[in-house]
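Engineer: The structure under discussion is supplied below as structure tokens; questions concerning it will follow.
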Amino acid sequence: MSRDNAFAELGLRPDATESEVKAAWRRLASQWHPDRNASVGAVARMQRINQAFEQIRSAGFAVGGGDSAGRPERPARADAAHDADASGGHGAQAEAQRPPRRTLRRKLKLTLEEAALGCIKTLRGRITDPCAACAGAGHQVLGGHCARCGGSGALARRSFFGWPAGLVECEACLGGGIARRLCAACAGSGKAPATSYQVKVRIPQGLRDGDLLHVAAGGARTGRPPADIEIRIELLPHPLLRLEDDGVLRCEVPVDGFAWIANRAIEVPTLGGLQTLQLQRDQLAYRLPGQGFPRERRGARADQWVMVRPIFPQSLSVDQQILLDQLLATRSNASGEPLDTSLRDWQRALRDWQRGRPGEGPA
């Protein structure tokens, strides 16, 4: 928004003083603030009012509206800009003419595998810049009083019977009182045609849910987006693995109970794909070193724990019952005693205890 457009937006002359600018801003803000004005265009109008006020303040107020010595207020700039300007360069002037840097905010959904191992993602989108012809105002200032309202910025409203019913804002000048016309380049929208962008982003290892990535703006030749991009990471839930805060992954795997007894090998999911796991009938928890999630960004990976849950049939078929009986027979000697010493000792102690109970055994 140019300086003349900014004064026109506030309904002021280009030589308005600081006090006049602030009074006009307060008046318009009171009228168009969304908390007080429920109209559809209130938010957009309030944004234009604020933008105009900031443009005037950054460019400096007219003489008489600055400090006590009558000097105009100096625009607020960084010290580096002052140094560049004082050294004979054009740093401050270029900084004042350069449009403010834009930041696009995007969400990027990643699988657990992509976040843990890193990947390259392609971001596509469309960006709309302010119209260059009208600096985003949607109109161009012609100068002079508005022909429709005579420069007052308001029109008399009439009731159904023709009686005066107060004032309404002039639509031709939007209450500014200065003649203007719609920008032909953007048809009054204040926006240039949308342009598409496509940029490849390298995702580092170990990103967590809610982390932010920043991609600096560049140009078509650099392969960078036309504006800064702030990317918020969103981790998708994994169907098989559960991530803990320390980077440990946990996975519960149901296995056939007979396979577990037989010490068979099974395949378990990891971030790198399926991995073979040798079962042990006396073990239900297995640690896979270095197969978890990175403990910190680009750091070493934690471990993965696999919890095995043996599943046995609720009812046995006839063939299964016969096979189990045969299996049990192989665990006993000819007299029916267990071959395992601990089982044999337990059964003998049980029989001795039973015979020693009152009323048990021979009289």
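Each value in this text was obtained by applying a stated rule to the coordinates, not by laboratory testing. All of these numbers come straight from a predicted model, not from anything done at the bench. Heads up, the Cβs are rebuilt from the backbone with ideal geometry, glycines too, and the neighbour counts pull from every protein chain shown.
Engineer: Normalised by the residues of the stretch 230-324, what does the relative contact order come to in percent, with Cα pairs under 8 Å and at least six apart?
Structural biologist: Once divided by the residue count of the stretch 230-324, the mean separation gives 30 percent.
Engineer: Quick one: which residues, 5+ away or cross-chain, put their amide H under 5 Å from the amide H of G175? H built at 1.01 Å from N.
Structural biologist: It is C170, by chain and number.
Engineer: For I203, list long-range residues whose amide hydrogen, built 1.01 Å from N in the peptide plane, is under 5 Å from its own amide hydrogen.
Structural biologist: Close amide H contacts, sequence-distant or interchain: C119, I120, K121.
Engineer: Okay, next question. Sorting check: for 320-328, 123-131, which peptide has the highest mean count of neighbouring beta carbons within 10 Å, and how do the rest follow?
Structural biologist: Per-residue Cβ counts within 10 Å, averaged per peptide and sorted highest first, yield 123-131, 320-328.
Engineer: Next up: How do C149, C251 line up, fewest other C-beta atoms within 10 Å first?
Structural biologist: Sorted ascending by nearby Cβ count, the order is C251, C149.
Engineer: Name the long-range amide H neighbours of L104: under 5 Å, sequence gap of 5 or more, or other chain; modelled H, no Pro or chain starts.
Structural biologist: D228, I229, E230
Engineer: Can I ask one more? Mind giving me the FRET efficiency for L123 and R287? R0 is 45 Å, r the Cβ-Cβ distance, nearest 0.05 is fine.
Structural biologist: 0.75
Engineer: For the stretch 181-197, what does the Karplus curve 6.51 cos²θ - 1.76 cosθ + 1.60, with θ = phi - 60°, yield as ³J(HN,Hα) per residue in whole Hz, taken in order and with x for Gly and Pro?
Structural biologist: With coefficients 6.51, -1.76 and 1.60, one gets 9, 5, 5, 6, 5, 10, 6, x, 7, x, 10, 7, x, 5, 10, 8, 9 Hz.
Engineer: Ranking I49, I56 by Cβ neighbours within 10 Å, fewest first, what do you get?
Structural biologist: Arranged by neighbour count, lowest to highest, I49, I56 become I49, I56.
Engineer: How much length is gained if the chain between I261 and W346 is pulled fully straight, taking 0.36 nm per residue apart and subtracting their Cα-Cα distance, in nm to one decimal?
Structural biologist: Gain on extension, I261 to W346, equals 28.3 nm.
Engineer: Follow-up question, since we're still on this one. Taking the number of other C-beta atoms within 10 Å as the exposure measure, put K121, K200 in order starting with the fewest.
Structural biologist: K200, K121
Engineer: Per residue of the stretch 201-206, what does 6.51 cos²θ - 1.76 cosθ + 1.60 with θ = phi - 60° give for ³J(HN,Hα)? Whole Hz please, x for Gly and Pro, Karplus curve as stated.
Structural biologist: Whole-Hz 3J(HN,Hα) from phi for the stretch 201-206: 10, 8, 8, x, 6, x.
Engineer: Run through the stretch 278-321 and list the trypsin sites (Lys or Arg not before Pro) located in a DSSP loop whose Cβ has at most 16 other Cβ atoms within 10 Å.
Structural biologist: Passing both the DSSP loop test and the Cβ count: R281, R295, R297, R298.
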